[in-house]
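Asker: So that we are looking at the same thing, I have put the structure below in structure tokens.
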Amino acid sequence: MSIIMRKYYDEKMIMRPKFRYVLLESSEDLNLIDKESISELRNRFRYIMGEQKYLDAEPKIKLVNKNRFVIKVNRGSEEDIVLASCFIKDFSGKRIGLYTVKTSGSIRAVTKSI
């Protein structure tokens, strides 16, 4: 590679965003199928974490099982999501508890536990 091309790639280098996947389990069945229940869960996280931490984490609910689901967050924010999940005690009028099962950098490693 020539010096000119190397300089071009160094200036135009784009970093790929890195994520972490957090597998959470609830004590009750959360019907996270419809958009209303997903937005309610997002609002709970936003309320507990605060607006700035929530926007830094950019949580997205990826896979939903009966009482387990995966949240995709930006790298470095997984601890904030885990701490916030400990404080969610009710959801849709039900008393629940959210427990962290596994945290990983790849979705394949997390889905093995489902």
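Asker: For the chain, calculate the relative contact order in percent as a whole number, restricting contacts to Cα pairs under 8 Å that are 6 or more residues apart.
Answerer: Relative contact order comes out at 37 percent.
Asker: Which of these, GLU51, GLU28, GLU79, has the largest mean-square fluctuation under a Gaussian network model of the chain (Cα springs below 10 Å)?
Answerer: Result: GLU51 has the largest fluctuation of those listed.
Asker: How tilted is helix 35-49 with respect to the longest principal axis of the chain? Cα atoms for both, answer in degrees (0 to 90, nearest 10).
Answerer: So the helix axis and the longest Cα principal axis differ by about 80 degrees.
Asker: Continuing with this model, one more query. Work out from phi, with θ = phi - 60° and the Karplus expression 6.51 cos²θ - 1.76 cosθ + 1.60, the ³J(HN,Hα) of each residue of the range 85-93, listed in order in whole Hz, and give x for Gly and Pro.
Answerer: Going residue by residue, I get 5, 5, 9, 7, 10, 9, 8, 6, x Hz, with x marking Gly and Pro.
Asker: Continuing with this model, one more query. If you rank ARG44, ARG108 by fewest surrounding Cβ atoms within 10 Å, what's the result?
Answerer: ARG108, ARG44
Asker: Listing VAL73, VAL64 from the residue with the fewest other Cβ atoms within 10 Å to the one with the most, what is the order?
Answerer: With the fewest neighbours first, VAL73, VAL64 line up as VAL64, VAL73.
Asker: Amide H to amide H, which residues 5 or more places from LYS102 or on other chains are under 5 Å from it, using H placed in the peptide plane?
Answerer: LEU23
Where a number appears in this text, it was derived from the coordinates with a stated rule and is not lab data. No experiment lies behind these values; they were computed from the predicted model shown. Every residue, glycine as well, gets a Cβ built from its backbone with ideal geometry; the counts of neighbours run over all protein chains shown.
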